[in-house]
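Colleague: Supplied in structure tokens, the structure appears directly below.
Bear in mind that the values in this text are calculations on the coordinates, not laboratory data. In this text the structure is predicted, and so the values were computed from the model without any measurement. A quick note on method: Cβ atoms are made from the backbone with ideal geometry, for glycine too, and the neighbour counts reach across all protein chains shown.
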Amino acid sequence: MAVNSGDFVQAAGLLNNLVEQANGDLEHLDMSLYISVGKNYDRESGGGAVTLQSKSITKTPTRQQQQQTVYPDPGFDGLSSVGVTVEAIPAEYVIPSGSVTITENGTVDVSGKAQAIVNVPTGGGEPSLQQKSVTVTPTTQQQQQTVTADPGFDALSSVGVTVEAIPPEYVIPSGSVTITENGTVDVSGKAQAIVNVPTGGGGWSDDEIASAEISGDIVLTVTKIANYAFYGNRQLTGISAPDVTNIGQNAFQNAFTTSDDPLIFPEVTTVGANSFNGVYRPLFFPKCTTCGSMSAAGRSGGYLAMPKLTSAIATDMFRTVYATILDLGKTPSIGTRGLYQGNGKTVIILRKTDAITTLASGTTLTLASTCDVYVPAALLSTYESAANWSNYSQIVWHALEGSPYESEDWPLNQ
């Protein structure tokens, strides 16, 4: 039986419709399949029997529309059917998802999003409020920051303010410094300045001696000795002051006879500047923590002992000290020319345990040909290699522990 070519064209049209319907169910697939006939068959031509082929094709979806014409293989007159298999969309393709919120008019990028949530204020109804947060770093200057709502919001519903920690270089002033004489005093880092400058004045009071013209050995029952109280009195041979805690500046300058007998002040905690300048006697202050200038104090071969001293020895402070044995307690530092001139020092005792007593550079120490320095055993090697200390070849280092100077009361055994 002859087959009209129009039948094949009609079959091809039906097949294309099926493919298009399949394409409608496959997202991102933009492909058309076309089938045509390679021969012209006609019932009237008497062409005889027709050999038809059933054929299958497989297509992979791409980003471009595809068109393919399917022909029967050699030996076939036409196609009886065509099976079309469309593979799955490649894994690297994704379905758009998520959403973007649009709060103002304009062009907005929505690529890759499945939804656009439009919330542009229209000027009516409920206001659009925003929650917002700000972070502030403290500084030394007062700061003012204005926080406003972002575009698309009518106002702020709340503002969360985070103030960062104060930088570590800032400190809270604490502690106190005691001031016992007039002048400029460093109070950096301190919260209080305790001013206790003796004012002198005339006459006697219940707790202070202001001045005295007396000689020989004296006994004082007061707690304070005023500035210049015994200035220049070389008639004094000795003193007993069991309750005195504060000695004013210049109080005993150029006083006392010259002798090897020590002067002991058992309760004194503060010694004013220049109070013992020109006093050529061994001096022992077992509780003194704060001391002013001691220039020209002490006696060659004798001692100046302050085992509880915690104040620094500033520039020139102990310059020309004649005492050759010095117990400087826990003083943190010795300034330039702090122990300069005077007699050569034979023994120096340093008791600070948490760190070494630092030594300023320059002409700081005047030492004997050999000077024994006693320090805590744990710091011995540190002192030996420390800056400026290591410059003095006369020093022989010793551990304080087990030495004759370990006890703070060693002057009482001399």
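Colleague: Can you tally the net charge around residue 130? Count Lys and Arg as +1, Asp and Glu as -1, for every other residue whose Cβ sits under 14 Å from the Cβ of residue 130. Mind dumping the intermediate values first?
Modeller: Numbers: positive: 132; negative: 104, 126, 150, 154.
Charge balance in the 14 Å sphere: -3.
Colleague: Taking the Cα centre of the range 263-414 as origin, work out the dipole magnitude from +1 charges on Lys and Arg Cβ and -1 charges on Asp and Glu Cβ, in debye rounded to 20.
Modeller: Values: 10 positive and 10 negative charges, 83 e Å.
With only Lys, Arg, Asp and Glu charged at Cβ, the dipole is about 400 debye.
Colleague: Let me ask something else. Rounded if a/c is under 1.5, else prolate if a/b is larger than b/c, else oblate: which is the range 355-397, with a ≥ b ≥ c the root eigenvalues of its Cα gyration tensor?
Modeller: On the way: a/c = 2.04, a/b = 1.25, b/c = 1.63.
Here the range 355-397 falls in the oblate category.
Colleague: Further, regarding this structure: Under the definition of Cα pairs under 8 Å and six or more residues apart, what whole-number percent is the relative contact order of the range 233-314?
Modeller: Numbers: 212 pairs, mean separation 21.2, N = 82.
Relative contact order of the range 233-314: 26 percent.
Colleague: Follow-up. Near the amide H of residue 86, under 5 Å away, which other amide H atoms are found, from residues 5 or more places off or on another chain, if H is placed in the peptide plane?
Modeller: 59
Colleague: Once amide H atoms are placed 1.01 Å from N in the peptide plane, what residues at a sequence separation of 5 or more from residue 79, or on another chain, have their amide H within under 5 Å of its amide H?
Modeller: The answer is 53.
Colleague: Which of the peptides 52-60, 67-75, 305-313, 275-283 is most tightly packed, and how do the rest follow, going by the mean number of other Cβ atoms within 10 Å of each residue?
Modeller: Numbers: 52-60: 13.1, 67-75: 11.2, 305-313: 21.8, 275-283: 24.4.
Peptide ranking by packing, descending: 275-283, 305-313, 52-60, 67-75.
Colleague: Now a separate question. With θ set to phi - 60° and the Karplus curve 6.51 cos²θ - 1.76 cosθ + 1.60, what are the ³J(HN,Hα) couplings of the range 300-317 in order, to the nearest whole Hz, using x for Gly and Pro?
Modeller: 4, x, x, 10, 10, 10, 9, x, 9, 4, 10, 7, 6, 9, 7, 3, 6, 5
Colleague: Which residue, chosen from 335, 359, 369, occupies the Cα position most advanced towards the positive end of the dipole of the range 327-382, where the dipole is computed from +1 (Lys, Arg) and -1 (Asp, Glu) charges on Cβ about the Cα centre?
Modeller: Projecting each Cα onto the dipole axis, the largest value belongs to 335.
Colleague: Show the residues, 5+ positions off or on another chain, whose built amide H is closer than 5 Å to the amide H of residue 238.
Modeller: The list, which skips near neighbours in sequence, is 217, 218.
Colleague: HN-Hα J couplings of the range 282-296 from phi, Karplus 6.51/-1.76/1.60, θ = phi - 60°, integer Hz, Gly and Pro as x?
Modeller: In residue order, the calculated couplings are x, 10, 10, 10, x, 10, 6, 10, 10, 9, x, 4, 10, 4, 6 Hz.
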